[in-house]
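To start, the structure under review is shown below, and the notes come after it.
The values are calculated or read from the model by the stated rules, or taken from the named source; none is laboratory data. Owing to the predicted nature of the structure, the values given are computational and were not obtained by experimental measurement. Counting neighbours? That spans all protein chains shown, and the Cβs are built from the backbone with ideal geometry, glycine included.
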């Protein structure tokens, strides 16, 4: 049943991302690997919710510098997903990356 709720939640929204930087392989990795459970989050009907995150990559792990979100639950889910992620593509050690996750009901 939980799997069905996750599928339904995923079907009801569109997730888009914006990336500031010049690393398409990192963008592709984040788009492919970041999955959040939105079944318990009520998204705004009138405007997209979003999470803006600045991070560095140190020895293949993401270290969040700053994170802002329209909802605390979204911030928690994105933080958890980023902390679990192992970066296997090329990246610049010490460079700060900016990423925006946008969540919209469709």
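Points worth noting:
- Total residues in the stretch 6-45 satisfying the condition of being at pLDDT 80 or above and under 14 Å from the mean Cα position of the chain (by Cα): the figure is 13.
- Taking the stretch 81-96 as the range and being farther than 16 Å from residue 32 by Cβ, touching a residue at least 24 places away in the same chain (Cβ under 8 Å) and either surrounded by 11 or more Cβ atoms within 10 Å (Cβ to Cβ) or under 16 Å from the mean Cα position of the chain (by Cα) (or both) as the test, the residues that pass are 92, 95, 96.
- Restricting the stretch 50-62 to residues that are over 13 Å from the mean Cα position of the chain (by Cα) and surrounded by 12 or more Cβ atoms within 10 Å (Cβ to Cβ) leaves a set whose member that is nearest to residue 34 (Cα to Cα) is 61.
- Verdict on residue 66 being assigned to a strand (DSSP E or B) and over 12 Å from the mean Cα position of the chain (by Cα): yes
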